[in-house]
Structure formats: C-alpha cells, structure tokens
1. Just one of B:Val29, B:Val44, B:Val24 is in a loop (DSSP other than H, G, I, E, B), away from chain A (no Cβ under 14 Å) and open to solvent by less than 50 Å² (accessible area, probe 1.4 Å); which is it?
2. If I filter the stretch A:91-107 down to residues being more than 8 Å from every other protein chain (Cβ to nearest Cβ) and either in contact with a Ser or Thr (Cβ under 7 Å, 6 or more places away or on another chain) or not hydrophobic (A, V, I, L, M, F, W, C) (or both), which single residue comes out as surrounded by the fewest Cβ atoms within 10 Å (Cβ to Cβ)?
3. Checking the conditions here, which among A:Ser88, A:Ser71 is part of a strand (DSSP E or B), modelled with pLDDT of 90 or more and either open to solvent by less than 10 Å² (accessible area, probe 1.4 Å) or within 14 Å of ligand 3 (Cβ to nearest atom) (or both)?
4. If I filter the stretch B:413-433 down to residues being under 21 Å from B:Ser524 (Cβ atoms) and of a type outside the set (S, T, N, Q), which single residue comes out as farthest from the other protein chains (Cβ to nearest Cβ)?
5. Suppose we filter the stretch B:244-275 for residues that are within 16 Å of ligand 1 (Cβ to nearest atom), within 22 Å of the chain's Cα centre (by Cα) and either in a helix (DSSP H, G or I) or at positive phi (or both); how many remain?
6. Among the residues of the stretch A:22-56, what is the count of those that are open to solvent by less than 30 Å² (accessible area, probe 1.4 Å), more than 10 Å from chain B (Cβ to nearest Cβ) and either polar (S, T, N, Q) or more than 19 Å from A:Ser80 (Cα to Cα) (or both)?
7. Can you tell me which residues in the stretch A:130-139 are within 7 Å of another protein chain (Cβ to nearest Cβ) and either surrounded by fewer than 21 Cβ atoms within 10 Å (Cβ to Cβ) or more than 16 Å from the chain's Cα centre (by Cα) (or both)?
8. Keeping to the stretch B:304-348, report how many residues are within 14 Å of chain A (Cβ to nearest Cβ), closer than 21 Å to A:Val67 by Cα and out of contact with any helix residue (DSSP H, G or I) (no Cβ under 9 Å at 6 or more places or on another chain).
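The values are calculated or read from the model by the stated rules, or taken from the named source; none is laboratory data. From a predicted model like this one, the values you see are computed outputs, not experimental measurements. With ideal geometry, Cβ positions are generated from the backbone for all residues, glycine too; neighbour counts draw on all protein chains shown. Keep in mind that these areas ignore ligands, DNA and RNA; they rest on the heavy atoms of the full protein, side chains included. Shrake-Rupley method; radii C 1.70, N 1.55, O 1.52, S 1.80 Å.
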Amino acid sequence: MVKKISKIPFSGTPEQEAQLNAVIASYKDDPSQLMTVMQKAQSIYGYLPFEVQVMIADGMDIPLEKVYGVSTFYAQFALSPAGKHPISVCLGTACYVKGAQAVFEHLQELLGIGPGECTPDGVFSLEACRCIGACGLAPVMMIGDEVYGNLKPDMLAGILEKYKKMEGIA
Amino acid sequence: MTVQELNARREAAKKSFIPGEGSVALRVVVGYATCGIAAGARPVLETLRKEVAALGKTDILIEETGCIGMCQYEPIVEVYAPGQEKVTYVKMDAQKALTVAHKHLANGQVVQEYTIGAATGEARDGEVLPLSKTAFYRKQKRVALRNCGVIDPENLDQYLAMDGYQALAKALTAMQPADVIQTMKDSGLRGRGGGGFPTGTKWSFTAAQPPGKKYVVCNADEGDPGAFMDRSVLEGDPHAVVEAMALCGYATGSDEGYVYVRAEYPIAVLHLEKAIKDAKAAGLLGEDIFGTGFSFDLHVRLGAGAFVCGEETALMTSIEGKRGEPRPRPPYPAIKGLFGKPTTENNVETFANVPQIILNGAEWFASVGTERSKGTKVFALGGKIKNTGLVEIPMGTTLREIIEEIGGGIPNGKKFKAAQTGGPSGGCIPESLIDTPIDYDNLTAIGSMMGSGGLIVMDEDNCMVDIARFFLDFTVDESCGKCTPCRIGTKRMMEILDKITEGKAEEKDLQKLQELAAHIKENSLCGLGQTAPNPVLATMKAFPDEYLAHVKYKKCPAGVCKALLNYFIIAEKCKGCTLCKRNCPVGAIDGTVKNPHTIDTSKCIKCGACMAACKFGAIIKK
Ligand SMILES: Cc1cc2nc3c(=O)[nH]c(=O)nc-3n(C[C@H](O)[C@H](O)[C@H](O)COP(=O)(O)O)c2cc1C
Ligand code: SF4
Ligand code: FES
C-alpha cells in the first residue's frame, strides 16, 4: 500500500504535546503497546506527522525506523491530515456489486481530488474504506460520523451542498 | 462470586427485565448496532423514551439491543409482553415510533401496518405475524447469535439471566480441563474463521504443552470486506466471547487472553471493553474465579486496517506491537505463539458457540448439521438480494433455501447469476450448483470455500471478470510484501485482468493467468498469497464463456467493462444531420445526408465525441 505523505507544515499545540506525553508516560514500559500509543496520538493530532512519530520513538525508546515501519504498514495510520469533513466511500464487496465504484468516481469528479487527497480549502478529503457493517444500505459512504446509504451518483451533489452551505462556500 | 451467588443473581436478573417475571410489564428494544444506527435508530429510540416518560408508565422498559439480523428492515423495534410472542416493528422512524407509543405501549393496540408481516406481505388480513414465522426467520437456528438483538449487550445481568457464565461455572466446578476438551472434540465444532480446523483438537495441542505461560487469542479482525458477523457478535453479545475465552483458558492451562479487534468497529470495542470490566468487577474474570483457584485475565488490542493481520501468525506479531507480517509455520502457535508462548487462537464466532456446547453438551450441538460439519453457520447476506442481513442456518441448508426463501430472492425481477463466499480467498457458486447443501467439504469440492461467512449475491448485471478483478485488486493492495510470489505475482495477474477488461487480451493470456495462479498458490508464505488467485480461478471455471467473450469477442455480456462497450446509432432516431460524422476524429461514421448513419466499431476509438454532438439522442453505448 502506498501512502500519501503530507507536505503541509506541522503545527502542533503545547496542549496536544502534553496529552501525547501523558499517553507515552502511561505505556512506555510496554513496547507491545506501540500501536496503542500511535492510535491515541492519531486521535490527538488527527494524523501522524513525522514530528509526532519522532516524539513517540524518543518517548517509548523504540527506534524511529520501527515506528515509521508500523505507521506505513497499517492503513489506519494517516500521514496526511484529513479534511474537515472526511468522506469515506465503502468499497466492500456488498457495496461494490451494487455500484459503489460509480459513486466513488463521481465524488472524485465533483470534488476534483483523487483518493487519499484533500480539497485545497481543507474542507473535504476522500478515501475508500472496506465494509463499515452497513451492507444492508449498500452502497454507503460516511461523511464524518454520518452514514449515507442507498446512494446513487446523482444524489451526491446534493449531499455535498449541505456541507458546503455549512462552511459558507456554496 | 460463588456459584450460589451466580445463580441468585441470575434469578434476580430475570425479574429486572423479562416482562411478567418482576415489575416490568412491557419491554421495548431498539436495534442499536452499527447497521441500526446508520439506518436512523437514534431518533426512534429518543422518541420512544420521551413518549413513555410522558405517559408516566414506569413499568415499560426501553432498551438498546444488538443486531437482530434484518438489516434491510432497520430501524427495528420489538415489543415483549408476558406470555406472548414479541411484536416486531420494522422500517421505523420517529413518526411511526410516536404512533406505536400511543397505540401499542399506552393502549395495547398493535399497529399492524408497521409489523414485519405487513412489510414482507406475508401477513394475511391484518394478522400480526411473529418474526419467527416469517420466511426470513423460519429456517434459521440461533446458537452463536442467540442473544444478539435480544439482550442489552452492555448489561451483564441480562447475560446472566440467559444462563451466562453458567458454562464457566459448570466447567470449573464439575469438569476437568480434559473433559472440556473432550466435549469440544465430540461436538464436532470446526473453526468459523475460514479454515474449519476442529476446535477441540486445536485446544488439545496447546493443552499438551508443558505447564507455564500460555495465551488465548480471539481473532476479531474480520477482514473479509462485506462480512460483519463477528462485529455483530461482539456488539450484541460480548460476554459470550469473554466466557468462552475463559473456558478455553481453563481447558488449555492459560491464565491470560487477548482479543484483537478491528479499529473500524468502535461500538464492538466499546461493548467488549465494558464486558471485560464488568466481568472483572463481578469476579467472573480475574483471580480465583468461583473460588476454584482458576484465574484468567483478558485484554483488548486494536488492529489498524491490515487484512493480513487476520492471519494467525501476523495477528500475534501485531499484538506484540510490530508490523503484522506473517511468519512461517511450523512452529505452530500451539507451540510457539504470542510472545513466543503456546497460544490457542480462535475466531469470534467459534468462541460464541463454546458456552452453549459446554452447557448443553456435545450431543446437542452435534445433532444439528451434516456428517462432517456440525452446528450452525452465520452468514452476512449481501449484494443483489432482497433481505440483506445476518442469518444463522444449520449446516447443510442449501444455497437455494438461503437465497430464495430466507433472502427473499433477487430484487427488480433480475436473474440470479452467482453467489460469492469466502471473500478474497474464496470462490463463486454458479446457478447450476445452487442446490448444494452448504458445509465445509461441499463448498471446497465445488471450488469455493466456507470462508468466514460473507455471502454476496450477484445478478445478471454483474460481470464475473470485473468481480474477480475487484478481489484481486484487494489482495494486491493488502499483500504485506514479505514474499515475492504474492507481492509480484498478484500484480502480474492484475495486469492481465486489466487487459481482459479493456479488451486487449488474447487467448494465451488466459493460459498465463492459470500458470501464474498455480505458481502463487504453491509458493506463497501465508494464506493470503496461497488463496489470492482463488476468485480468479473460480470465476474462470464457472464462467469460461464470459472470459472468452471478453478475450475473443471483446464484449462484456453484463455491460460492465467500460472499454468493451460500443457506440451505436439508433436508425429510427437518426435524422441524418451528419454532425456526428463531422465530429468523429477517426472517420468511423458512415452515412449520407438525411439517411441514418452507422458507426464502424472496428475503427471507433470510443472517445464519445459523436454522442456528445448528437442533438437527437440517437447515439447509445452498450
Ligand atoms: C490472509 C488471511 C486473513 C484471515 N483473516 C481472518 C479474519 O479476519 N478472521 C478470522 O477469524 N480468521 C482469519 N483468518 C484465519 C486465521 O488465520 C485463523 O485460521 C483463524 O482465526 C483460526 O480460528 P478458528 O479455528 O476459530 O477459525 C485469516 C487467514 C488468512 C490467511
Ligand atoms: S503470501 Fe503475501 S501476505 Fe502472505 S507473507 Fe507473503 S507477501 Fe505477505
Ligand atoms: S460492504 Fe459496504 S458496508 Fe459492508
């Protein structure tokens, strides 16, 4: 799996760093908890910038190449920040046989971005995911925590509109 | 907690929520698993809570429950009353919930038009058909899913009321570890994670290792995209897995276990963590359980989205906090597993069967199923089928029964083409084999496999080459890259499939595909690579004509593969304006003014310029 690595400069706050240090402190005696620490770090920062991986490596006393190896191995670890409204389209089997690919392609056209990318204004990002367990509603996508089901390509512009209005860009 | 206390708590628990046993008059449950919430269960639950509070009826209990199994009919609300079959309301919304609250909950009048029988059209003249009598449910038998959609999964007492932890009490007080293993062997239970290895035999390997540190691991990575039975069990009945793992610990001489759950399953993780915490607090996990001297502790680890981590050795490396790459076997995990110690690893659904087997005996379990596949199997039924959802059927049920009766057939009057089982490692079952009784050995014999339980139905509009390509794309993406046959081989296969779907392949490419497949199967290190070619091989075997149509005639009979679609002019609509002819960059269109034009498909480069230019909608692609 090839991952997109962010070129956006890192901007962590002291609060975030304090939270991360607290997480590291509570797990540093158990190297098998490396992934747990990385998962918590990702929920603090929204993604795992290189700088954060360095902090984890130092704090857990684990070589950086191991931390980096883990972050690139697992799909869940994001090396670029997601948009404010991350969109993930299910390309699980049940969704695929019911036309999810057309939904995914149409979203790329509408947003003008490819998979794993973020719109220049930082509002939307797009990715594919696998089975979110709502196969009964296939094809489905999630925008943030909201699930949209029984999708057809012609419904997408309307759904995006709602979020654009929310952000005042429509 | 002692066994006496466990029994006392069970009796008290029954009074706390079962209508008629204590002070509860009606119990209303809302399906609140991932699927229910996605379909809109939240406003339904809120409305019911608000209305019942307004009615001042403190004897009506409103609760969340796990997946009832009929995803197509979510949001689902069920009402339990003393001495009656429950009433099942489907496709609910806030407005309908209001009506149910005012009519049924306040006045005992069932709102027939919202019930399952009315929705499926099976109920006659206003009859309230119980769920158990519907075609969807009639042939099912719930063992692994027995509590899913019935109890509140976050409530330990409700699990106790359903004889929860009684199997553990029985084993610890009345059975030797060897008796537990013998019972598991006699039951005939085979692993539900895909491989179908006999569970009792697996346990006996770890038990045979010298005493010392040993582990129990539960595989809840559920990687098959389109399968969600393990999620439903963890969301709907987490204590069953906790109890089973403790039983496994007792049988194999282990005092510690790990559950490895996909991070994409937040509700499952939440419910599981709560179950472990509550079990510890009640003394059902931890030190000296039931005063028998047996101790067992359990941890949760989250996966991070790598399919290969479902493979048992990769899963253990991942729990150790590393890149989840498989390692060669032997040594098998029973000898050298997690942290280098003897380890027993089983799937969620496998574990969910265990307490029932210990409690009811091996014979009870083995009385269901076929000669060599005992018990039931849960399938996640999806794709082109009316009733998508979770079904648990006795082994030996035929695919026809699942699709036509339980599943309600194919929507929109389309024709059944094939069912896919086993996900990216599996194969497809064409219509000619639809009467095969489903069990491990039959599915393997017809070129598919049981897999973990994804069952995707396809109709005439699905292209089998495209489906094979879809699965291969998945494995190419998920190959961990450790060994060459899998990493490079699957890419080469993918390139050939791309050529086929683009109409650029020749017949000898089909031969090459077979050779590559055989090489990858033979030489890959782990199950991912060894099974990666299966979807391609299975579709080639079952649908040779469809492959040939793509390769030889450059046609996609299902009309899916874009590159193989051709542009045509409908003669009746063509006015002979010559616009298309002038727009075609390669001169593929022929015709004279005021006469219908034609496209020479051998010259056409499918740029679509003609179609865009035509003012009369006379050009189509098919
Ligand atoms: C690539 C690959 C992925 C797998 N994914 C899963 C999975 O998601 N869940 C699972 O239970 N077993 C999975 N397995 C099977 C496990 O390796 C193992 O056989 C199984 O969990 C054993 O449990 P059981 O005997 O109870 O079935 C996978 C195997 C391979 C090769
Ligand atoms: S077969 Fe594939 S997934 Fe398995 S070890 Fe080899 S490269 Fe990795
Ligand atoms: S395959 Fe898309 S939700 Fe399951």
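1. Working: B:Val29 fails: in a loop (DSSP other than H, G, I, E, B); B:Val44 fails: in a loop (DSSP other than H, G, I, E, B).
Testing whether each residue is in a loop (DSSP other than H, G, I, E, B), away from chain A (no Cβ under 14 Å) and open to solvent by less than 50 Å² (accessible area, probe 1.4 Å) leaves just B:Val24.
2. Top of the filtered list is A:Glu105.
3. None of the others qualify; the one that does is A:Ser88.
4. Looking at the filtered set, the residue picked out is B:Gly427.
5. Qualifying residue count, the stretch B:244-275: 5.
6. Within the stretch A:22-56, residues that are open to solvent by less than 30 Å² (accessible area, probe 1.4 Å), more than 10 Å from chain B (Cβ to nearest Cβ) and either polar (S, T, N, Q) or more than 19 Å from A:Ser80 (Cα to Cα) (or both) number 3.
7. Result: A:Gly133, A:Ala134, A:Cys135, A:Gly136, A:Leu137, A:Ala138.
8. Total satisfying the criteria: 1.
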